[in-house]
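Take a look at the structure set out below.
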Amino acid sequence: MKILLTGFEPFDNSPINPSEQIIHALANEPTSSVQIESAVLPVDLKLGPAALLYAVKASEPEAIICLGQASHRSVISIERVAVNLLDFRMPDNAGNQVEDRPIKPNGPAAYFTTLPIRKISSALKANGIPAELSLSAGTYLCNQVIFTLLHYLKEQDRKIPAGFIHLPALPEQAAQMKGSVPSMSLETMLQGIRIAIQVVAEE
């Protein structure tokens, strides 16, 4: 099975992003049942969604798992819904900041993601990895790219599993943030995403 796995470049003054590190690590791992195609997306209002759609068209995957960082979450969060809203709490890496603007002016209010989210969550917990089902991917780039992706797949009538998983901060990131910020080791996150990939491949 061919799965497209995407992450993001660092943002918000951090030199690292766990989603990017996971992409690089898993892209080089040998596997007998899954072919991983990967892409690291720019944290950019215009370039991020465009890079994702380019990767989809170039790789023609059978499933798509997008990853991103959510610094104040303590567990791996499997997203249920992408909303048609841009409302950035901080500028992106190109300095863009928008408020209360639709991603697709004539699009629906929201899309449900189509990964087997409950099976992924259960499999992670069964392996001792903290996980949750999350109602919303927020209103920043993570939400924008998954909404854009689901809208594209709907327009193209491509019925393939696609969704978004948020990752906590790495310990070295949390140590540099103000206040008490939860974190998770890269190895735990890697194991969690390996399991998620396997669950999707077995569907």
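Values as computed for the structure displayed
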{"read-out": "FRET E, pair Lys154, Val98, Förster distance 22 Å, beta-carbon r, rounded to 0.05", "value": "0.45"}
{"read-out": "Candidates Gln176, Gln21, Gln35: whichever shows maximal mean-square fluctuation once the chain is modelled as a Gaussian network with Cα springs under 10 Å", "value": "Gln176"}
{"read-out": "Antiparallel %, DSSP beta bridges [both residues in the chain], to 5", "value": "20 percent"}
{"read-out": "Listed residues Pro18, Pro91, Pro30, most fluctuating in the chain (Gaussian network, C-alpha, under 10 Å)", "value": "Pro30"}
{"read-out": "The chain, helix-only ellipticity at 222 nm - DSSP H runs n ≥ 4, -39,500 (n - 2.57), divided by all residues, nearest 500", "value": "-10500 deg cm²/dmol"}
{"read-out": "Residue among Lys119, Lys159, Lys178 with the largest mean-square fluctuation in a Gaussian network model of the chain, springs linking Cα atoms under 10 Å", "value": "Lys178"}
{"read-out": "Mean-position separation - Cα centroids, region 144-181 and region 77-95, in angstrom", "value": "9 Å"}
{"read-out": "Sites Gln191 and Glu60, calculated FRET efficiency, Cβ-Cβ separation with R0 41 Å, nearest 0.05", "value": "0.90"}
{"read-out": "Relative contact order, percent, region 2-202 [alpha-carbon distance under 8 Å, six or more residues apart]", "value": "28 percent"}
{"read-out": "Inverse mean reciprocal Cα-Cα distance (Kirkwood Rh) of region 10-66, Å", "value": "12.7 Å"}
{"read-out": "Listed values (i) 53; (ii) 65; (iii) 56, entry calculated as percent of Cα pairs over 20 Å apart", "value": "(i)"}
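Any read-out appearing in this document is the output of simple, stated calculations on the displayed coordinates, not a laboratory observation. These numbers were taken from a predicted model, which means no experiment stands behind them. Positions of Cβ are generated from backbone atoms using ideal geometry, with glycine treated the same way; all protein chains shown enter the neighbour counts.
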